[in-house]
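As C-alpha cells, the structure follows; a few thoughts come after it.
The values are calculated or read from the model by the stated rules, or taken from the named source; none is laboratory data. Keep in mind that what you see is a predicted model, and the values were worked out from it rather than measured. Ideal geometry is used to build each Cβ from the backbone, glycine not excepted, and the neighbour counts take in all protein chains shown.
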C-alpha cells in the first residue's frame, strides 16, 4: 500500500466497522464517509475529530473534578454522609494545579526549545507518496488481522 494511501485505508477500515450494526450500519458508514466512498471530506472529518478529542477529554476531566468537589472522592453515589468522605479542599485543587503547571512548563521546554532531542531520523526523509518506506513492514503478529481484513 503506498504511503500516501494509508490514511484512506485506515479510514475505510475503521468506518466500515460500523457496517456490522444491524439495519442502520450501512447508513452510518455512508454518513461517516460523507458520500459513497472515502474521500478528502472523510479524512478532514477524522482529523477534525482527532484534534477535538483532547478538548473533550479536558472537559470530561473538569466535569469529574466538579463532581469530586460536590460529592467527595469516596462517594460515587452521592450519598450525603460525612463518614468515609474526603472533602475537596482548595489545597488539593491548588496542589493539582501546581503539578499541572509544572508539567506543562517542563513539557513546553521539550517542545519549544529541544524538539529534536527525542526525534527519529526518519522524520527528516522527504516523503514519497508512491512508495511505502522500508521501515514500515507488516509484523508476523498482525497476520491474523490482515487475514480478517
Might you let me know whether region 114-123 holds any residue that is within 24 Å of the chain's Cα centre (by Cα), modelled with pLDDT under 70 and not in a loop (DSSP other than H, G, I, E, B)?
yes
Determine which member of the set 108, 131 is within 22 Å of residue 10 (Cβ to Cβ), surrounded by 10 or more Cβ atoms within 10 Å (Cβ to Cβ) and at pLDDT 70 or above.
131
Go through (1) under 28 Å from residue 7 (Cα atoms); (2) out of contact with any helix residue (DSSP H, G or I) (no Cβ under 7 Å at 6 or more places or on another chain); (3) at pLDDT 70 or above for residue 99 and report which single condition fails.
(1)
Do we have residue 68 as over 20 Å from residue 11 (Cα atoms), surrounded by 10 or more Cβ atoms within 10 Å (Cβ to Cβ) and modelled with pLDDT of 85 or more here?
no
Residue hits (region 16-62; in contact with a helix residue (DSSP H, G or I) (Cβ under 7 Å, 6 or more places away or on another chain), modelled with pLDDT of 90 or more and either closer than 30 Å to residue 93 by Cα or not in a helix (DSSP H, G or I) (or both)) are 21
